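The values are calculated or read from the model by the stated rules, or taken from the named source; none is laboratory data. Because the structure is predicted, anything quoted here is derived from the model rather than measured. Glycine also receives a Cβ, built like all others from the backbone with ideal geometry; neighbour counts cover every protein chain displayed. What goes into the accessible areas is simple: the full protein's heavy atoms, side chains included, and nothing from ligands, DNA or RNA. Shrake-Rupley method; radii C 1.70, N 1.55, O 1.52, S 1.80 Å.
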Amino acid sequence: MNLPSALSPVPRLSLAHTVRTQLSEAILSGELAPGQHVPEPELASRLGVSRAPVREALLELERHGLVTFDARGRTHIVQLTLEDMEEIYSLRLALEPLAAGLTTERGTAEVFASLEANIAATERASSLAEVTRLDAAFHDLIMQASGHRRAARFWEGLRYQVEAWLGLMQRRHQAVFHSTQAETVKAHKRLLKVLRSGDAAAAEEEMKKHIVSWRRWLALEADAAARTDRKPTL
């Protein structure tokens, strides 16, 4: 039988990659809660795989800062403290305005079309978890389009923690205002307009304002922790 020449072998994703994807989505959506103990045998049974790909996936997620292992080797979902969140915030503030300015100068029509498509997908999103995922992807596109290789490498190491940061902030915002999706779309449309303007300084300033707008939620959590005399974690 002669098959069409357009057909080619389909790459086979490893089990560990599939497991990592499912686990990261569960962590970033909050389905697996911060601090939660997740036994490997239970995960393997639930996912219908052996423990080997689960262990491989968890080791990779540890490198991305989403899980930790205690002294006995047990896995826990990372619980970001306020100090962790402040560090992520400060790194975003250092990297992303730079990337926005460079994207204004180096961005192509294809890049801007991809950002526009991301915003449209965010408008159609059916869950807050999907909004968070698309929000992180929007910022990925800008970082990649900047062409700054070293900044992109820093971002790659931080990227999953940024999405975790966004997820926590957006769940808090949604609980109060119930408008996170609409506000994310509005902010990203504003950013895209400035990125297309050709004004690098304006793009840097707009990105800075975008990140700083989340700062108040960290301050509110710190105040709440002080009033209840508890360890501030998110």
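Rolling a 1.4 Å probe over the protein heavy atoms gives segment 44-128 an accessible area of 52 Å² per residue. Placing +1 on the Cβ of every Lys and Arg and -1 on the Cβ of every Asp and Glu, with no other charges, gives the chain a dipole of roughly 120 debye about its Cα centre.
Could you give the longest part of the chain that holds none of the trypsin sites (Lys or Arg not before Pro) found in DSSP loops with at most 15 neighbouring Cβ atoms within 10 Å? The longest such stretch corresponds to 75-229.
Go ahead and estimate [θ] at 222 nm for the chain from helices alone: -39,500 (n - 2.57) per DSSP H run with n ≥ 4, summed, over the residue count, rounded to 500. After summing the helix terms and dividing by the residues of the chain, the value is -24000 deg cm²/dmol. Computed from phi, the 3J(HN,Hα) profile of segment 56-69 under the Karplus parametrisation 6.51, -1.76, 1.60 (θ = phi - 60°) reads 4, 5, 5, 5, 5, 5, 5, 4, 7, x, 9, 9, 10, 10 Hz, with x in place of Gly and Pro. A dipole drawn for the chain from +1 and -1 charges on Cβ atoms has a positive end, and of Ala202, Ala182, Ser90 the residue lying farthest that way is Ala182. Once the Cα-Cα distance is subtracted from the 0.36 nm per residue extended length, the His178 to Ser14 segment shows a gain of 55.2 nm.
Starting from the Cα-Cα distance between Arg63 and Ala201, subtract it from 0.36 nm times their residue separation and give me the gain in nm to one decimal.
Working: separation 138, 0.36 × 138 = 49.68 nm, distance 3.42 nm.
Extra length available between Arg63 and Ala201 comes to 46.3 nm.
What part of the accessible area of the chain, given as a whole %, is carbon or sulfur when the probe is 1.4 angstrom? Present the calculation step by step, with values, prior to reporting the outcome.
Working: 6880 of 12940 Å².
C and S fraction of accessible area: 53 percent.
On a per residue basis, the convex hull of the C-alpha atoms belonging to the chain measures out at 169 Å³.
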